[in-house]
1. Starting from the Cα-Cα distance between Glu44 and Leu9, subtract it from 0.36 nm times their residue separation and give me the gain in nm to one decimal.
2. If I model a spin label as a point 7 Å beyond the Cα along the Cα-Cβ vector, how far apart are those points for Ala219 and Ser248 in nm?
3. Nearest 20 debye, what's the magnitude of the dipole of the range 137-290 about its Cα centre given +1 on Lys and Arg Cβ and -1 on Asp and Glu Cβ?
4. Picking from Tyr230, Thr148, Gly245, whose Cα lies most toward the positive end of the charge dipole for the range 143-280 (charges on Cβ: Lys, Arg +1; Asp, Glu -1)?
5. So, by mean Cβ neighbours within 10 angstrom, what's the order for 24-31, 231-238, 161-168 with the highest one leading?
6. With respect to the cross-link table entries Lys17/Lys186; Lys59/Lys257; Lys17/Lys221, which display a Cα-Cα separation exceeding 32 Å?
7. Defining a contact as two alpha carbons under 8 Å apart and six or more residues distant in sequence, what relative contact order in percent does the range 137-279 show?
8. Listed highest first by mean packing, meaning other Cβ atoms within 10 Å per residue, what order do 120-129, 3-12 come in?
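The numbers here are math on the coordinates, done by the rules we state, and not lab data. On a predicted model such as this, the values are computed, not experimentally measured, just so you know. Note that each Cβ is placed from the backbone with ideal geometry, even for glycine, and that neighbours are counted across all protein chains shown.
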Amino acid sequence: ISRVASDLLSLDGSLRKVLAAAGAAAGVSAGFNAPLTGVVFALEILLPSLNAAEIANAKRYALSQRKAALLSAAAKNLPAKTTVAAARDLSVNGRGREEMMVEPAGEEVAIERLAVSKATAGAVLTASAISCLIARSGIVNVASERFTVANYELVNAFVELPFYMTLGILTGAVAASFRALSAQSKKFYSGEIRGLEFMGNVPVEVRPIIGAALCGVVASKYPGVLFFGYDTVNSLLAETFPYMGDTSTLLTLLALKVTLTASCVGSGLMGGVFAPSLFFGATLGAAYDN
């Protein structure tokens, strides 16, 4: 929706990012009945990713412009000293001069970025709150809670809290493993891993098909790795999952889900990582409970 609105209104890149962040926050807020989660997701995950992509694109464009200028100078038979100096400009102290071209230049840019930052926070908070209110108002027929959590209480906080803290550490380790596997998966599909350079010759359009085929092969043995809405997560929370008491199967599903999701990220077969991350936590928590 934000993309269509941006195109219709001919908005610039900064305002497009504001709308994208607001739309993401609103979607998470209404879909999961979690307005604060939507705000944090948009400001801490989505926006940094958009900013990083924008900076990377600007650097690539600046580098291509400098290379074009260098080739043009060579074609005009400029002195060799000039050509060498231009080449040196492409790498200054290990840091491309193109980075300098895309850095903020002047007080006006800083003021503009500050204004965009404030506008983004305000838009994200407003969109998240309004979408959650509409979802709860009864105007549309949606479930009030995406997940059903059984009642629980801490019997002895001093005894139980250390165990929850340990689970948090284990969850962080799973998250770090997923990030590392995602990075390696991208290198694999782009042919950057030694001995597997042939993957770089696979067309970009074919790579998602390979990722999907891998998911299908694994799912023929472990169908739980696929996404069937949030029934799997809810069954884990309600302790009705078929393999609830089988720790080895739960850990196997966790490892396969992490690996396959990372493979999908690297291949370009992306449906998001938000829902898979909930599966990671639910299966790990169930196995830890056992």
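1. Once the chain is fully extended between Glu44 and Leu9, it gains 9.9 nm.
2. 2.6 nm
3. Using Cβ point charges on Lys, Arg, Asp and Glu, the range 137-290 gives about 600 debye.
4. Tyr230
5. 24-31, 231-238, 161-168
6. Where the Cα-Cα span goes over 32 Å, the pairs concerned are Lys59/Lys257; Lys17/Lys221.
7. Relative contact order comes out at 34 percent.
8. Result, highest mean first: 120-129, 3-12.
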